[in-house]
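Any read-out appearing in this document is the output of simple, stated calculations on the displayed coordinates, not a laboratory observation. Just so it is clear, the model here is predicted, and its values are computed rather than measured. Cβ: placed from backbone, ideal geometry, glycine included. Neighbour counts: every protein chain shown.
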Amino acid sequence: MSVDTATVAKIASLARIKVTEAEIAAMVPELNGILAWVEQLGEVDVTGIAPMTAVIPNQQRLRADVIGADPLTGGGIRDAVLANAPAGEHGFFGVPKVIE
């Protein structure tokens, strides 16, 4: 696949990017080079290779999602928090409707 000046001008117009004719002429070989490189990547045989998200193996360090009994770390203080609310409804903060 290759692009020409009309294609670059159309892409710039769709992206709402103002480019001059000189910039368009400079972008044509650059974009053609990028597209040729992408086509070259498509020729690589990747059968049997598992997809990966990083070069090195990573494991996310997750914590248990539990509510603690300690008031400083969360949990067990809903009534104390809602005591400061202007309007509490069913154990949640009540907010006014905003509908026009």
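Worth pointing out:
- At full extension, ASN84 and THR47 could sit 7.3 nm farther apart than now, given 0.36 nm per residue minus the alpha carbon distance.
- Restricting the chain to trypsin sites (Lys or Arg not before Pro) that sit in a DSSP loop and have at most 16 other Cβ atoms within 10 Å of their own Cβ leaves ARG16, LYS18, ARG61, ARG63, LYS97.
- Degrees between helix 21-42 axis and first principal axis of the chain (Cα, 0 to 90, nearest 10): 80
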